[in-house]
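Shown next, in structure tokens, is the structure this report addresses.
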Amino acid sequence: MDELRAVARFTHDCAQPALALFSKDCPDDPRPAAALESAQLFADGAAASLVTAKAEGLRIDDTWSHASLEDSERMAWNIQDSGFAMTLDARLPIRIRQFLAQHAEYGGVAKTETSDPDTLWAVHPGGRLILDGVQDACGLSDSQMAHSRRVLEEYGNMSSASVLFSLREH
């Protein structure tokens, strides 16, 4: 993993001078800086998993996700000629906390279920405030959040791969 981080840092450092030249010619175009920032945020990891019917490894009892059309502009990947442009609104962690607090029953999540210390949680470590919001709204213990927090601390937000890194910690 350290080698991948070194390559990501090297690539970022090589692109930085070109960004300065481009910004000089096109100062009002935020896309190159945004693309470089997104690449730096998500360049640390890749993961894959094999799911089978064999009774070994982790057992998945429940999963859930939610797509909010109301909040669709808060996190977006827009395909452009130059690649993906990512939008992350600073209010996203607050909206996640609000949603979970208002819909504790969503996807079978209830505070009575989360109090079981044997229940494992793999929360997408998209940032400290997101983890804080999920922990608070769902009533999770520090130990239930430890794996996700460790992944965020050690690797950062690696987009979708982050959840699999959290599962690997279990």
Requested in this report: Search segment 132-157 for residues that are free of Cβ contacts under 8 Å to residues at least 24 places away in the same chain and pair each with any residue that is of a type in the set (Asp, Glu) when their beta-carbon atoms are under 7 Å apart and the residues are at least 6 apart or on different chains.
Outcome: Arg150/Glu169
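Listed here are the residues, each with its yes/no results for (1) in contact with a Gly (Cβ under 9 Å, 6 or more places away or on another chain); (2) in a helix (DSSP H, G or I); (3) modelled with pLDDT of 75 or more; (4) closer than 22 Å to Gly156 by Cβ.
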{"site": "Glu73", "(1), (2), (3), (4)": "no, no, yes, no"}
{"site": "Ala90", "(1), (2), (3), (4)": "no, no, yes, yes"}
{"site": "Ile94", "(1), (2), (3), (4)": "yes, yes, yes, yes"}
{"site": "Gly133", "(1), (2), (3), (4)": "no, yes, yes, yes"}
Report summary line: Of the residues in segment 55-103, those that are in contact with a Pro (Cβ under 9 Å, 6 or more places away or on another chain) and surrounded by fewer than 12 Cβ atoms within 10 Å (Cβ to Cβ) come to Ser82
Report task. Output the residues belonging to segment 63-102 that are within 22 Å of Val163 (Cα to Cα), free of Cβ contacts under 8 Å to residues at least 12 places away in the same chain and not polar (S, T, N, Q). Result -> Ala67, Ala76, Trp77, Ala90
Report summary line: Selection from segment 135-152 of residues touching a helix residue (DSSP H, G or I) at 6+ places or on another chain (Cβ under 6 Å) and in a loop (DSSP other than H, G, I, E, B) yields Gly139, Leu140
**Report entry** Looking only at segment 114-154, and only at residues there that are more than 16 Å from Leu100 (Cβ to Cβ) and among the aliphatic types (A, V, I, L, M), the one that is least open to solvent (accessible area, probe 1.4 Å)
**Finding:** Val151
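The values are calculated or read from the model by the stated rules, or taken from the named source; none is laboratory data. From a predicted model like this one, the values you see are computed outputs, not experimental measurements. No Cβ is skipped: glycine too gets one built from the backbone with ideal geometry, and neighbour counts run over all protein chains shown. To get the accessible areas, we keep the full protein, side chains included, count just its heavy atoms, and leave off ligands, DNA and RNA. Shrake-Rupley method; radii C 1.70, N 1.55, O 1.52, S 1.80 Å.
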